[in-house]
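Asks: One structure, pasted below without further comment.
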Amino acid sequence: SHAGTWVISENDLLIRAFACMTEQNVSALAVINSLGHIVGMIQSSDIHYLVVHQSLFLRCAKLGLTVQEFLVWKSSTGHGSSSAITCTDSATLDAVMAMIVQNKVHRVFVVNNDLRPSGVVSIS
C-alpha cells in the first residue's frame, strides 16, 4: 500500500489482485508500473465479468494471467474502462467531485508530485 492507497503491480497475478481486494475489503486497486505510476485500475466488478466469461476464467486459473494481461484483454473487449482517473493532492474537493461526475466513476486516485499514488477519494 502507498500511504493508504491499495495498489497492485501490473506484473502481479490477477488472482493476487482479487485476493488483495478481498483481504483488505476494498472494491478497487490502483495498478502501478515499475516506476510506481498508476497505469490503470482493477475493480471487483471485473471478478463478475470473469465468472460470466468462464473460458477466460479457466485460462486465468490455469495460466496465471497477470494484471497487465487482463487489462489488455479487457480493453480489447470494450467492457468498461480500466483507466484510473487521478488528481493531485492539491485538488479541491469540489474539483474532485466534478471529476467523478464528469467521468462517471466511483473513485479518483490522488497522486503526489512524483505521480505516485498517495490516496483515493471514493463515493462507494
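Read-outs throughout are calculated quantities, based only on the coordinates presented, and are distinct from any laboratory measurement. Computed from a prediction, not measured in an experiment: that's the story for all the values here. Using ideal geometry, Cβ is built from the backbone for each residue, glycine included, and neighbour counts are taken over all protein chains shown.
Asks: Can you check how the C-alpha radius of gyration of the stretch 11-53 compares to 2.2 N^0.38 Å, as a plain ratio?
Replies: Numbers: Rg = 10.7 Å, N = 43, 2.2 N^0.38 = 9.2 Å.
Dividing the Cα Rg of the stretch 11-53 by 2.2 N^0.38 Å gives 1.17.
Asks: Calculate the dipole size of the chain relative to its Cα centre from +1 charges on Lys and Arg beta carbons and -1 charges on Asp and Glu beta carbons; express the result in debye to the nearest 20. Don't skip to the end; give the middle numbers.
Replies: Working: 7 positive and 8 negative charges, 65 e Å.
The dipole magnitude comes to about 320 debye.
Asks: Another one. Among Ser34, Thr92, His53, which residue has its Cα positioned farthest towards the positive end of the charge dipole of the chain, with +1 placed on the Cβ of Lys and Arg, -1 on the Cβ of Asp and Glu, and the dipole taken about the Cα centre?
Replies: Value: His53.
Asks: Enumerate the helices in the chain for which the Kyte-Doolittle hydropathy averages 1.0 or more and the C-alpha atoms extend at least 24 Å along the helix's axis, using complete DSSP H runs.
Replies: Span-like helices, by this rule, are absent here.
Asks: While we're on this one: Around Val39, which amide H atoms from residues at least 5 apart in sequence, or from another chain, sit under 5 Å from its own amide H, with H modelled in the peptide plane?
Replies: So Val39 has HN proximity to Val31, Ile32, Asn33.
Asks: Report, in deg cm²/dmol and to the nearest 500, the calculated mean residue ellipticity at 222 nm for the chain, where each DSSP H run with n ≥ 4 adds -39500 (n - 2.57) and the sum is divided by the residue count. Working shown, then result.
Replies: Details: 5 runs with 52 residues, N = 124.
Helices in the chain give a 222 nm mean residue ellipticity of -12500 deg cm²/dmol.
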